[in-house]
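Encoded as structure tokens, the structure appears first; notes follow it.
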Amino acid sequence: MAKKKFSEYSEEAEGTQDLILFRELSAKESKDSEAEPQQYVDQEDKIHLVYKLVPFGGNYLYSLLIMNESTAPITEVKIRIIIPEFFELCRSTPPTLTIESLQSEDESNGEVIGENQVKMEFELLNGNSQKQINLYLCPLSLEKKGKVRSFITFVNNADFIRAIDTDSINIELDPFSIERKIIPQSEIKRFLEKPWIKKANKSIGIGIDGIFDENYFFDQIVKSIQDNNFQLIHKNQSNKISWFCGTDLVSGNDILVIGQIVAGKIEWLAASSNPQLIISVLTNFVNIFTNEMIQLGHISSEDQVYSLECKYCGNTLPNFPVRGKTIECNRCNYEQVIWN
């Protein structure tokens, strides 16, 4: 057997060394290309609900903020918000929802309470993000008590279903008692310009097919305000506008009220430092006026009284359109039909 020369061994060694170096390099490259392991994120106590119920113009705003403060997403998020039946949902953001009627029992007296359940859902809430839900609630009557509360369920990053609920917010729409207050006309502007004064309005249209008699309906507006014991300060019959003032004996707050007919709209405007008082007074005006119209035979039901708030942004619409015609909001440009 022929012996190999040293040079031949050296050549083989060099070739082998090259192979070993290649294999080491391949292993290193393979290690670098491996996917990083997923970090486990504990979502316990990192999903929060922030909520409030506050006056908003002539209505109430219920706001619910869902906060995901973890770095992982949650999925299949389902929201239920329970509101009293004396609230009507005017609009919401986001606008897609369903409403169901519920009945519950008052634990204190066993009385059956009517409620409405608002339901929303969305597929995903990413980590370190939040979702805002706003419900704009229009009171339908006074001297009522109820609660607003929320429940959410979701699937966490460990594929478990979790549930969170809020504490109940008690809401009571108290009646008011007005004492007439005489002020000079020059005081009206100064009162409205005070920085702590809040303002709101209710604007409605009456769904009648006959001629809209502005003088007649203006007199009915004036009557609805005077029936609440407000003092007439000034009345402009030609422009269909009147000013009133009074003091609420319950809260002690002054309130200025304006009643007017403009562009086929029947409107009440109120200004006071007490936003809850404003809501109660405006709600009462609409209810008194509606009942009066039914009793006088001008309309057959409250369904013929139409709110003139934009269904999308809440702005007061520029006029009351005729039956079946669309109207465009001059704030958001959303076109809508008020009555058919």
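Things to note:
- Among the candidates 171, 221, residue that is outside any strand (DSSP E or B), surrounded by 18 or more Cβ atoms within 10 Å (Cβ to Cβ) and in contact (Cβ under 8 Å) with a residue 40 or more places away in the chain: 221
- A residue that is surrounded by 15 or more Cβ atoms within 10 Å (Cβ to Cβ) and basic (Lys, Arg) occurs somewhere in the stretch 67-88.
- Sole exception among (1) touching a His at 6+ places or on another chain (Cβ under 7 Å); (2) of a type outside the set (Ser, Thr, Tyr); (3) surrounded by fewer than 13 Cβ atoms within 10 Å (Cβ to Cβ) for residue 208, by number: (3)
- Strands (runs of 3 or more DSSP E) lying entirely in the stretch 83-135 (those with 2 or more residues that are touching a Ser or Thr at 6+ places or on another chain (Cβ under 7 Å) and within 21 Å of residue 156 (Cβ to Cβ)): 112-125
- In the stretch 165-192, the residues that are among the polar types (S, T, N, Q) and within 13 Å of residue 246 (Cα to Cα): 177
- Taking the stretch 70-96 as the range and being without any contact (Cβ under 8 Å) to a residue 60 or more places away in the chain and of a type in the set (Val, Ile, Thr) as the test, the residues that pass are 71, 93, 96.
- For the stretch 224-246, a residue qualifies if it is of a type in the set (S, T, N, Q), surrounded by fewer than 19 Cβ atoms within 10 Å (Cβ to Cβ) and at negative phi, and the qualifying residues are 226, 228, 231, 236, 237, 238, 239.
- Matching residues, the stretch 155-168, being surrounded by 15 or more Cβ atoms within 10 Å (Cβ to Cβ) and assigned to a loop (DSSP other than H, G, I, E, B): 156, 157, 166
- Looking at 126, 68, 59, 134, just one residue is touching a Pro at 6+ places or on another chain (Cβ under 8 Å), modelled with pLDDT of 95 or more and over 27 Å from residue 288 (Cβ atoms), and that residue is 126.
- Top-ranked residue in the stretch 54-66 [being within 12 Å of residue 276 (Cα to Cα) and in contact with a Ser or Thr (Cβ under 8 Å, 6 or more places away or on another chain); ranked as surrounded by the fewest Cβ atoms within 10 Å (Cβ to Cβ)]: 54
- Criterion: among the aliphatic types (A, V, I, L, M), out of contact with any strand residue (DSSP E or B) (no Cβ under 7 Å at 6 or more places or on another chain) and within 15 Å of residue 139 (Cβ to Cβ) - qualifying residue of 288, 294, 279: 288
- Members of the stretch 252-266 that are over 17 Å from residue 233 (Cβ atoms) and in contact (Cβ under 8 Å) with a residue 60 or more places away in the chain: 265, 266
- Annotation for the stretch 136-149: at least one member residue is loosely packed, with under 12 Cβ neighbours inside 10 Å, more than 17 Å from residue 166 (Cβ to Cβ) and not hydroxyl-bearing (Ser, Thr, Tyr).
The values are calculated or read from the model by the stated rules, or taken from the named source; none is laboratory data. Everything numeric in this text was worked out from a predicted model, so none of it was measured. Methodologically, a virtual Cβ is constructed for each residue, glycine included, from the backbone with ideal geometry; neighbour enumeration extends over all protein chains shown.
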